[in-house]
Amino acid sequence: MALFFARLLPQFQPVAGASFLSMFLLGTLFAALTLVWVGLYSVLIARAQTTPLRPRAHRTTDTVAGTTLVALGIRLATNSGPGLSQPGARADP
């Protein structure tokens, strides 16, 4: 963080020169934006934590996982050639 404030922030200062007040304001703005971001992130994580406990979400997750497994099984069963190679590909390089 020290490198960020020392190298990146000065290029956003007014042309008149490096003043303590402008650096302080830029640092405060950065801290406020970080606080807002972390706050929103924690609220989203808290809400997402209770989502898997709902029956509808659990049923949707099971449906998506089951459909994906069946689709991959069908693809594997209909694949021609040795192993999982693409059609027309050589088995021995």
Return the distance in nm (one decimal) between the two label points of a simple spin-label model at THR34 and SER22, each offset 7 Å from Cα along Cα→Cβ.
2.2
Sorted largest first, the Cα spans of region 19-78 on the principal axes come out in Å as 69, 30, 8
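We did not get these values from a lab; they are worked out from the coordinates using the rules stated. None of these values were measured; they are calculated from a predicted model. When we count neighbours, we look across all protein chains shown, and the Cβ atoms used for this are built from the backbone with ideal geometry, even at glycine.
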